[in-house]
1. Measuring from centroid to centroid over Cα atoms, what is the spacing of the stretch 116-174 and the stretch 1-15 in Å?
2. Using a Gaussian network model on the chain with a 10 Å cutoff between Cα atoms, which of Glu151, Glu101, Glu122 fluctuates the most?
3. Placing unit charges on C-beta atoms (Lys and Arg positive, Asp and Glu negative, everything else neutral), compute the dipole magnitude of the stretch 1-58 about its Cα centre in debye, rounded to 20.
4. Name the residue, out of Thr16, Thr93, Thr62, whose mean-square fluctuation peaks in a Gaussian network model built on the chain with Cα pairs under 10 Å.
Amino acid sequence: HPWIASATAHRILPDTLIVEIREHEATAIGMFGEPYLVGADGHPFKRAQLADGDGDGLPVVTGLDRDAYQRDPHRTAATIGAALAALARWRATASRPAIGEVHIGSHGALTLRTYDHGAAIELGQLAAHESDLAGRMRTFDAAWAELTDLERSRARAFYLDARADRVTIAFAKD
């Protein structure tokens, strides 16, 4: 069964059987041509039945294809796991906007998309040192705090400079 991550059984004589089952915990929906439920380790474990509610409320991970996963499942899963760890770091600050999509670019660039307005938050290389990623998130926080509610709703992209504490914001036209 796809939800079963592991199962063990052992017998205690004379008449006891103990079965322990650990289920997968879905943390995202991975788009590998079709949607799959993905665990925190980055490995897909079940094709998502979105109409049945599989994956409700989970972020979608895009940018990686099925062929890449089949060629090197451990590397692809590690990349997804790192992206999900970055998302967890993002979510640790309540004032940040909710994220609906985590996009991993062809060269490992991480882009988050907000639920509300679909604004892209380009955080740079996923392989960057954790303190660099944290610094870019703090730079976003400072810029976000300066925006009015109207400016936040019109923001379409945030480009965070990896070499400096700068952010460029693109807004929708009136």
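Bear in mind these aren't lab numbers, they're just calculated from the coordinates by the rules spelled out. Small disclaimer: the values here were computed from a predicted structure and weren't measured. With ideal geometry, Cβ positions are generated from the backbone for all residues, glycine too; neighbour counts draw on all protein chains shown.
1. 48
2. Glu151
3. On the way: 4 positive and 9 negative charges, 37 e Å.
Dipole about the Cα centre, nearest 20: 180 debye.
4. Sorting by GNM fluctuation, first place goes to Thr16.
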